[in-house]
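Some notes on the structure that comes next.
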Amino acid sequence: MKAFSLLMAEKDFHSITTAEIARTAQVTEGLIYKYFKDKKELLYQVLNDHFFEFQTHIENRIANEKACVEKLKVIIFSSLESYAANRIFSKILLLEVRNSLDFFESGAYEMVREYARTILDIIEKGIETGELKSETDPHILRKVILGAIEHACLGEIIFGRQLDIDEVSTGISNIVFNGAKR
């Protein structure tokens, strides 16, 4: 998995061969197939581990916050921070795996769903406690937050541009929680 991650830093997923992975890991190619059905399954396991660490990080950070909006701001900031710090995984997630139906049956996708459930739970709690408007549709608000995060990162990830995490996080949070209407 480490060898595959190293190769992904240099090449795109489709140009990496299992023979290269084996050479980099200093194992036989057959050993890869002992643990993984194919290269995609290996990718999903690498992503699963990455998402698990990210979800743990998010949960630790939001545990320090009491207010729903503050928790969501932490998630927005942490998500942008993760996309910027892990550009290889970000590119794979944003551009590669979502085109494969297999991804949606993987453990990695289950971790993505857990992240999304975390956001939804916070929103629903915020509505319940009155911190967010009662007419707020929690599913739509979650889509707005996730869409804003991904769209803010997409160009920067694809073209290797710098992402000002503070500025973008503050901008998204300001529009989502305060609105754009004068």
Keeping to region 45-80, report how many residues are touching a Cys at 6+ places or on another chain (Cβ under 7 Å) and modelled with pLDDT under 95. 0
Candidate set from region 1-25 (those that are among the aliphatic types (A, V, I, L, M) and not in a helix (DSSP H, G or I)); member that is nearest to TYR44 (Cα to Cα): MET1
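Only one residue in TYR83, TYR44 is surrounded by 18 or more Cβ atoms within 10 Å (Cβ to Cβ), in the same structural domain as LYS125 (by TED's automatic domain parsing), of a type in the set (Ser, Thr, Tyr) and over 30 Å from GLY179 (Cα atoms). Which one?
Working: TYR83 fails: over 30 Å from GLY179 (Cα atoms).
TYR44 is the lone residue from the list that is surrounded by 18 or more Cβ atoms within 10 Å (Cβ to Cβ), in the same structural domain as LYS125 (by TED's automatic domain parsing), of a type in the set (Ser, Thr, Tyr) and over 30 Å from GLY179 (Cα atoms).
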How many residues does region 84-119 hold that are under 11 Å from the mean Cα position of the chain (by Cα), outside any helix (DSSP H, G or I) and either within 20 Å of ASP38 (Cβ to Cβ) or among the β-branched types (Val, Ile, Thr) (or both)? 0
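What number of residues within region 137-152 satisfy the criterion of being among the β-branched types (Val, Ile, Thr) and either in contact with a Cys (Cβ under 6 Å, 6 or more places away or on another chain) or crowded, with 17+ Cβ neighbours inside 10 Å (or both)? Before the answer, list the steps.
Restricting attention to region 137-152, the residues satisfying the condition of being among the β-branched types (Val, Ile, Thr) are 140, 144-145, 149.
Applying the additional criterion that residues be either in contact with a Cys (Cβ under 6 Å, 6 or more places away or on another chain) or crowded, with 17+ Cβ neighbours inside 10 Å (or both) yields 145, 149.
Counting residues in region 137-152 that are among the β-branched types (Val, Ile, Thr) and either in contact with a Cys (Cβ under 6 Å, 6 or more places away or on another chain) or crowded, with 17+ Cβ neighbours inside 10 Å (or both) gives 2.
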Going through region 42-66 in order, the residues found to be in contact with a Ser or Thr (Cβ under 9 Å, 6 or more places away or on another chain) and over 30 Å from GLY30 (Cα atoms) are PHE54, GLN55, HIS57, ILE58, GLU59, ARG61, ILE62
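Any idea which of ILE92, ILE58 is in the same structural domain as ALA108 (by TED's automatic domain parsing), farther than 24 Å from GLU124 by Cα and aliphatic (A, V, I, L, M)? Talk me through it step by step, then tell me what you get.
Working: ILE58 fails: farther than 24 Å from GLU124 by Cα.
Going through ILE92, ILE58 in turn, just one is in the same structural domain as ALA108 (by TED's automatic domain parsing), farther than 24 Å from GLU124 by Cα and aliphatic (A, V, I, L, M): ILE92.
The values are calculated or read from the model by the stated rules, or taken from the named source; none is laboratory data. Bear in mind the structure is a predicted one, so any value in this text is a computation, not a measurement. Backbone-built Cβ (ideal geometry, glycine too); neighbour counts: all protein chains shown.
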